[in-house]
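Student: Quick one: this structure, given as structure tokens, is what I'll be asking you about.
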């Protein structure tokens, strides 16, 4: 696929290019991906509290947020789980530098890590949290297996993502239709992720989908698209991007309060080691 974005690195996975998340400009636009509201965190923390118990036999009282980006979830998790040490890990220095400038960032232990080759010891964590990461990996199963390794027996892997069957009609895929075949080739369905987790050795695999408010206004969605905060927008040709951006802009102008622009389906899939 031809592209004009300097943030793309070609890889040999079908026809899909890959976003260079080490690029500083990608880090700068990362937080436009969506608001992590108190309501979103309350739901996420509620699920995690049902999974892990700091008093359980063998508990490590450690949570890993691998591929944490700018700490959008690491920092709120550290506030919600004061008994636990939260490690925010990412392969990008720029992402972690930005994370460390945020309020309460000193509550998190920050670490440079590759999800498929982590330096943590076996059985280090009670829970590993993975948010919108697996579709960036050449072989997602390798990353899931590594998460299995660093979890203690009885620990949990929790993945947050947009399952392909749920996001195919969202604004980005609607106004930028060239993104659909790219994401269809790299983004798991709920069933596919469940199968990967089972193959990696996880049991009690379950999933749940919520429709969450991730933008406060339609203009926020437009700003995020303009900044290409959603990685797939870096992967299409520039004239396709400009055409889609113009169409999205016109729609936002006519429908600024359309909930479709502000609400996204978020799927959580979890399994136990």
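Student: Take region 158-173 and flag every residue that is within 19 Å of residue 244 (Cβ to Cβ) and in contact (Cβ under 8 Å) with a residue 40 or more places away in the chain.
Tutor: Those that are within 19 Å of residue 244 (Cβ to Cβ) and in contact (Cβ under 8 Å) with a residue 40 or more places away in the chain: 162, 167, 170, 171, 172.
Student: Residues that are modelled with pLDDT under 90: find the helices (runs of 4 or more DSSP H) completely inside region 1-98 holding 2 or more of those.
Tutor: Qualifying helices (runs of 4 or more DSSP H): 24-29.
Student: Could you grab me the full set of residues in region 69-98 that are in contact with a helix residue (DSSP H, G or I) (Cβ under 7 Å, 6 or more places away or on another chain) and over 23 Å from residue 53 (Cβ atoms)?
Tutor: Result: 69, 70, 71, 72, 90, 92, 94, 95, 98.
Student: When you scan region 208-218, how many residues do you find that are farther than 30 Å from residue 50 by Cβ and surrounded by 15 or more Cβ atoms within 10 Å (Cβ to Cβ)?
Tutor: Within region 208-218, residues that are farther than 30 Å from residue 50 by Cβ and surrounded by 15 or more Cβ atoms within 10 Å (Cβ to Cβ) number 1.
Student: Among the residues in region 126-135, are any touching a helix residue (DSSP H, G or I) at 6+ places or on another chain (Cβ under 9 Å), closer than 27 Å to residue 42 by Cβ and in a helix (DSSP H, G or I)?
Tutor: Yes.
Student: Scan (1) on the phi < 0 side of the Ramachandran plot; (2) surrounded by fewer than 17 Cβ atoms within 10 Å (Cβ to Cβ); (3) touching a residue at least 40 places away in the same chain (Cβ under 8 Å); (4) in contact with a strand residue (DSSP E or B) (Cβ under 7 Å, 6 or more places away or on another chain) for the single condition residue 109 breaks and write down its number.
Tutor: Exception for residue 109: condition (3).
Student: If I filter region 148-157 for residues that are surrounded by fewer than 22 Cβ atoms within 10 Å (Cβ to Cβ) and closer than 24 Å to residue 210 by Cα, do I get at least one hit?
Tutor: For region 148-157, residues surrounded by fewer than 22 Cβ atoms within 10 Å (Cβ to Cβ) and closer than 24 Å to residue 210 by Cα: absent.
Student: Quick check on this structure: which one of 231, 259, 249 is under 19 Å from residue 36 (Cβ atoms) and surrounded by fewer than 21 Cβ atoms within 10 Å (Cβ to Cβ)?
Tutor: The conditions single out 259.
The values are calculated or read from the model by the stated rules, or taken from the named source; none is laboratory data. Since the structure is predicted, the reported quantities are computational estimates derived from the model, not experimental observations. Neighbour counts are summed over all protein chains in view; Cβ atoms, including those assigned to glycine, are modelled from backbone coordinates with ideal geometry.
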